[in-house]
Every structure is written in structure tokens, then in C-alpha cells.
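A quick write-up on the structure given underneath.
What follows draws every value from the coordinates through simple rules; no lab data is involved. Everything numeric in this text was worked out from a predicted model, so none of it was measured. Reconstructed Cβ throughout: ideal geometry from the backbone, glycine too, with neighbour counts over all protein chains shown.
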Amino acid sequence: MNLPAIRAIGSRLRLAAPLALLPVLALTACGSGGAPGATAVGARASAAPTDDPVAAVRTVDSAAALLPDDVRASGTLRVGSSVGTPPGAYYPNGADKEPAGQDIDLADAVAKVLGLRLERQDASFETILPALGSGKYDVGTGNFGVTAERLKTIDFVTYINDGQGFAVRTGNTALGSKVTDLTQLCGLTVGTGAGTTFEATLTARKGVCAEAGKEPYEVQVYAENGATLTALQQGRIDVIMSTINGLRHQAAQPASRTTFLGEFHRLDVGFAFKKGSPLTAAFQAAVNELIKDGTYARILEKWGTTESAIDTSRINPPEYPKS
């Protein structure tokens, strides 16, 4: 199915499986998923949609043949997984059991195509990429955005296109309806996740306010998604910078009391591997098999992320230029 067709379906279906009210910060696709199961004070994690597009996935021999011999022999992969909140990865109803979400379904589907079993280990977002280099995990998941800086030490196999956006507490009109330039943040306090592309962007470009003759913005970094939203609701920060899909999902839940302020910078998102990993070709082939047979489109429809569909998976694409 081509991208326009997928997006056409998604425009009708992406909210077809609404989730229960969720007053928590959505998983940071290019940033922290927070501590496993973490939610804001008083939050209740939502139930998962019941359809299972992964169930029908079967092993594809041509893709599995691209795996290293030792991996095919063991039949398992160690996955460092950042589990936070919908739609990326979360624990349904806040229960400490099997996680659900777009990233979970896609990883499970890729594993089935390759004939592998995943040994998933919960980990905080900021620890996963360094742990790949040390050999603790074979692959990392957590909606990792592909950036030029990360490409120096990490290999990526893309599976979705997401990126950076902003949200405010509903009723706050100081930033208007959209953030298109970081100078709009001058004089404000911005909350974001630790070790994220958002933190990196805000830190690297903090000088824009001085150049514009304005008061600098302040960055508050949080290790947990729920803590960021709580800070917004209590007025300790003025705006959240996080993932486009996550903030859209969050704003659709009335109890979150947030308003999405639009896309700021698009990023490809991918499975993460240590540099030079022999697994990337097999993962790329598996994602493309899922795109070809329609499973990919059904997973994105399930989680309401169809607008972020890609046409084909790529290994280490360049970072999208900033508009």
C-alpha cells in the first residue's frame, strides 16, 4: 500500500479505537519514555485496543536469511525497551505486566518475520543507547529519533516518521496556536525529557533569545513523563516540548488539559543498534515486508499514528533539515 493510500485510510480511522482518558504525558518518541509504568499524580493508564494485527504475521525466509548465523541459531534478541505511555509503549491500565503500544506491536511483528523471540527488558530512555554500545542489548526501542549526532555512534532502521512539537495547558494563549520558532519561547520555562532530542535542541539553540534581544528561556528536564505533565498542570513550566504523535494523543484526552501547538521539526524514528551491527539489513527487510503485506498499516491504524507512516524502511537516513 502506498503512503497516500495509507494516510487516506488513517484520516478516517486513526481515532477509531479511542483510549480511555489519560492525564499523562505521551511517550516521547524522540525522547524519554520515563520510568516504567510512570504516570502523573492521579493518572490512570488506558486500556489497549483489542485488535491484534500481529497475530497473523509469519516468518519470511528471505528476511530471516539476512540474520547472522549466531542469532539464527539462538533464536532470541535482547531488547532494551523504553516503556512510558500511549501511543508508543505503555502498560495497559497501569498494570505491571505485558506492555502495549505501537512500538511494541512493530517490534513483535518484526521478530515474527525474522523467526525470533524477543527478550524485552525495561530501561529508562537515556540509558538504552549507551547500553547498545556496551553489548547489553542487541536492539533498542523507544521511538528513537534519527539525528546527525546520534548517527555518529548508533545505527538506525526506520519504521515511522514523527518528530518534535509543543503543548501548553489548555487556555494558555501566550504562544498562539503554533510554535514555529524557538524565539517564541523566550522568557518561558520549557519542560522536556532527559536525554532527548528535545533537550538537545533546546540546549543547542538557547542563544537565539539573546540574538533576538530577548530574555532566555529556561529548560526543566524530567526523568518521568508524568512529572513533566504534572509540572505543566501546576504551572511550574509554561510549555512541554515532546513528540508530535504523543502530544497529539495526549491533547485528545480531555483530562490531560493540554493543547497541541503543532509540528516543529519532523524526524525519522527507528530501531536502534550499536554502530556496525550485523542486524540492520534483516530488520530493514522485515519492516519492508510488513509494509508490503499491510500489517504495518493495520498497526498504525490501531494506534492512531497513520499520518506518520513511511513508504519504505531505510538504514541510517540523514536527519531531516530543520525548516
Review point. Which of the residue pairs 152/275; 112/274; 112/152 have a Cα-Cα distance greater than 18 Å in the structure shown?
Key: 112/274; 112/152
Review point. By per-residue mean of other Cβ atoms within 10 Å, what is the highest-first order of 196-209, 53-66?
Key: 196-209, 53-66
Revision key, fill the gap. Karplus-derived 3J(HN,Hα) from phi for segment 235-244 (6.51 cos²θ - 1.76 cosθ + 1.60, θ = phi - 60°), whole Hz, x at Gly and Pro, runs x, 7, 10, 9, 8, 10, 10, 7, 7, 4
Practice item. Take the Cβ-Cβ distance between residue 72 and residue 214 as r, set R0 to 51 Å, and report the resulting FRET efficiency rounded to the nearest 0.05. Key: 0.35
Practice item. Using only Cα positions of segment 164-265, each an equal point scatterer, no hydration layer, compute I(q)/I(0) via Debye at q = 0.10, 0.16, 0.20 Å⁻¹ and quote the log10 values to two decimals. Key: -0.23, -0.60, -0.97
Check your understanding: Over segment 164-265, what relative contact order in percent results from Cα pairs under 8 Å that are six or more residues apart?
Key -> 48
Practice item. List, in order, the whole-Hz ³J(HN,Hα) value for each residue of segment 121-132 obtained from phi through the Karplus relation with A = 6.51, B = -1.76, C = 1.60 and θ = phi - 60°; use x for Gly and Pro. Key: 10, 5, 8, 6, 3, 6, 8, 6, 4, x, 5, 5
Revision key, fill the gap. Expected unfolding gain across residue 47-residue 223 under the 0.36 nm per residue rule, minus the alpha-carbon gap, is 61.0 nm
Practice item. Among the aspartates and glutamates, select those whose C-alpha is under 15 Å from the C-alpha of residue 206, and discard any that sit fewer than 8 residues away in the same chain. Key: 181, 215, 218
Exercise for review: Please give the length that would be gained between residue 93 and residue 180 if that part of the chain were fully extended, namely 0.36 nm times their separation in residues minus their C-alpha to C-alpha distance (nm, one decimal).
Suggested key: 27.8 nm
Review point. What relative contact order, as a whole-number percentage, does segment 67-203 give when Cα pairs under 8 Å and 6 or more residues apart are counted?
Key: 24
Revision key, fill the gap. 1/(1 + (r/R0)^6) with r = Cβ-Cβ of residue 59 and residue 281, R0 = 25 Å, i.e. FRET efficiency to nearest 0.05, evaluates to 0.95
